[in-house]
Amino acid sequence: MASVPSNPESVFTYGAPLLKFGTGSSAEIGYDLGQYGARRVLVVTDPGVAATGAPQRIAEQMKAYGIEAEVFDGVRIEPTDAGMREAIGYARDSGPWDAFVAVGGGSSIDTAKAINLLTTNDGDLADYLNPPIGAGRAPARPLNPLVAVPTTTGTGAESTTVCVLDVLDLRVKTGISHPRLRPTLAVVDPDLTRTQPSGVTASAGMDIVCHALESYTARPYTSFERKRPEERVPYCGANPVADMWSERALALVARSFRTAVRDGDDTEARGEMALAATFAGLGFGNAGVHIPHANAYPIAGQVRDFHPAGYPREEPMVPHGMAVSLTAPEAFRFTFEAEPDRHVRAAELLEPRLDRSGDPAEYLPSVLIRLMRDIGIPNGIADVGYTDADVTDLVAGTLKQQRLLATSPRETTEDDLAGILTRSMSLW
Ligand SMILES: [Zn+2]
């Protein structure tokens, strides 16, 4: 069990962006930004999303509201500090901008958060990165309005206060975390996900599942030491408001995930997955995530030669949602004893016809494995190129994610992590 606080927390917080959801909502961004008095707007995207024409269309639509908009399509998928510095440099040189629109997956939204931070505040990216890697500086000045338009259903980046990146020199994923990074407005238009390949839907969907499961099973906010007002963090542990969103997200996933992977043209399933992603984001954006996400950082960051279907071929990668899911069954087997009822409830939400015989600790891992097999997720971390010889390096990478591990409902030692990773080599 996590240690018992001497002076338990009695306060939780809840924050969320404004939300506009539904088919056609992305056509209204010019009006929305006009309300903030924006005149010059940078649309931030990656080359793949730019090729669909959506970012250019959104930029054009803003003209009707007297807004001059330019598209920057230089975002790198799974951004690095070098890639983000390039994007920030571009925005600083071509500025000033008075608002930003991010169109894309988590990479574009996170890059836009960094651009927004570093065009409104001085200094270098490293000044703001989470300690111990960066200086953890808080922005001194308010940021500009940022509209986040997710085109892959899953990351929840449109709802969160974090920006995630790889630091190349250190081969580590880290981020910036501050309430001012949260987008002003999230515009979720399910039509924009229509061209998503099924491999992307599968990985992104596992990210949704894990966001909901990890925030639902996170350490409850009351199990932490009481904080002073200036110490409050966006991720405060499981709380009643985040729980509600996580439960609803799991129910939507149960109904539509397999269908959305099988048939990308099923508009109802696609719409429900977009809603599930939004709900899960509204939950974990406040409760936080834990072991599967902490493990995902080194699993994605130390990749050697894995090229998943549906993603750009140039660089080896383990997509975020896939990386998160690969140790999830073992992680929830490990955390079961801290919150048995919540693990059972989560399994039932994900698989309403669950056969409730046998060991309850096995319900959630087995539900996850059945789902992962059905949608074509690799069978464990060996399938994405890791061997037992890599476990030490992976554990070292996970241990750098103390902010996430602190949200685990069970204290998690180096040996515990080594066990979870070793048993996740092959899941079935
Ligand atoms: Zn995630």
**OP:** Taking the options Thr151, Thr195, Thr161, Thr174, name whichever one is under 14 Å from Ala287 (Cα atoms) and polar (S, T, N, Q).
**Re:** Thr161
**OP:** Hey, can you tell me all the residues within the stretch 20-54 that are in a loop (DSSP other than H, G, I, E, B) and more than 17 Å from Asp191 (Cβ to Cβ)?
**Re:** Gln35, Tyr36, Gly37, Ala38, Arg39, Asp46
Subject >> Test for Ala269: is it within 12 Å of the chain's Cα centre (by Cα) and either surrounded by fewer than 23 Cβ atoms within 10 Å (Cβ to Cβ) or within 16 Å of the ligand (Cβ to nearest atom) (or both) >> reply: no
**OP:** Would you be able to tell me the number of residues in the stretch 278-290 that are more than 10 Å from the ligand (Cβ to nearest atom) and either farther than 24 Å from Leu181 by Cβ or not β-branched (Val, Ile, Thr) (or both)?
**Re:** 8
Subject >> Meets criteria (out of contact with any strand residue (DSSP E or B) (no Cβ under 7 Å at 6 or more places or on another chain), away from the ligand (no atom under 16 Å from the Cβ), β-branched (Val, Ile, Thr) and farther than 23 Å from Tyr386 by Cβ) for Val303 >> reply: no
Original post:
For the stretch 1-29, how many residues meet the condition of being touching a strand residue (DSSP E or B) at 6+ places or on another chain (Cβ under 8 Å) and over 24 Å from Gly283 (Cβ atoms)?
Top reply: 4
Original post:
Is there any pair with a first residue in the stretch 336-352 that is in contact (Cβ under 8 Å) with a residue 60 or more places away in the chain and closer than 12 Å to Ala218 by Cα and a second that is of a type in the set (Ser, Thr, Tyr) and in a helix (DSSP H, G or I) whose Cβ atoms are under 8 Å apart and which are 6 or more apart or on different chains, and what are they?
Top reply: Arg342/Tyr216; His343/Thr335; His343/Tyr363
Original post:
Conditions: (1) within 16 Å of the ligand (Cβ to nearest atom); (2) modelled with pLDDT of 95 or more; (3) not hydrophobic (A, V, I, L, M, F, W, C). Thr201 meets all but one. Number of the miss?
Top reply: (2)
Original post:
Taking the stated definitions as given, is Arg353 assigned by TED's automatic domain parsing to the domain that holds Arg410 and not in a helix (DSSP H, G or I)?
Top reply: yes
Original post:
Taking the condition in contact (Cβ under 8 Å) with a residue 40 or more places away in the chain, of a type in the set (Gly, Ala, Ser) and under 30 Å from Lys20 (Cβ atoms), does Gly281 pass?
Top reply: yes
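The values are calculated or read from the model by the stated rules, or taken from the named source; none is laboratory data. Since we're looking at a predicted model, the values are computed, not measured. For neighbour counting, all protein chains shown are included, and Cβ atoms are generated from backbone atoms with ideal geometry for every residue, glycine included.
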